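Below is one structure; the comments refer to it alone.
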Amino acid sequence: LDARVIGFREVDRTLNLSLKPRSFEMLENDAQMILTYLESNGGFMTLNDKSSPDDIKATFGISKGQFKKALGGLMKAGKIKQDQFGTELI
């Protein structure tokens, strides 16, 4: 079981732990998951930043907010492009 310390209370000397990775680590994982999906589907997917939260959750198991952050990072890195039909690898 991996956990990270997110706080310490001096009063009762207890540690607060989190089992979740830090947000930037999750973003990297989400972006890699999207890239892998694109690569295994011919470099294109019908999802984009306008897709429904339910479709995104069903495909990737992440929230629309997480999906949009990951897409934004991939676009800034020049790895993908989007249009009204979906997202594709560059």
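We did not get these values from a lab; they are worked out from the coordinates using the rules stated. Everything numeric here is computed off the predicted structure, so don't read it as measured data. Cβ atoms come from the backbone with ideal geometry, glycine included; neighbour counts cover every protein chain shown.
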Query raised in the report: Once the Cβ-Cβ distance between D55 and L19 is put in as r, and R0 is 22 Å, what FRET efficiency do you end up with, to the nearest 0.05?
Result: 0.20
Query raised in the report: How many lysine pairs in the chain, separated by 8 or more positions in sequence or lying on different chains, have Cα atoms less than 24 Å apart?
Result: 23
**Report entry** Reported label for calculated volume of the Cα convex hull per residue in Å³ given (i) 121; (ii) 344; (iii) 179
**Finding:** (i)
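Mind checking the dipole of the chain: about its Cα centre, +1 per Lys or Arg Cβ, -1 per Asp or Glu Cβ, Debye to the nearest 20?
260 debye
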Report task. Enumerate by residue number the trypsin sites (Lys or Arg not before Pro) in segment 1-81 meeting two conditions: DSSP loop (anything except H, G, I, E, B), and at most 13 other Cβ atoms within 10 Å of the site's Cβ. Result -> R13, R22, K50
Requested in this report: May I ask you to derive the relative contact order of the chain, considering only C-alpha pairs under 8 Å and at least 6 residues apart, and to give it as an integer percent?
Outcome: 25 percent
Query raised in the report: When the helix-only estimate is applied to the chain (DSSP H runs of n ≥ 4, each -39,500 (n - 2.57), divided by the residue count), what is the mean residue ellipticity at 222 nm, nearest 500 deg cm²/dmol?
Result: -13500 deg cm²/dmol
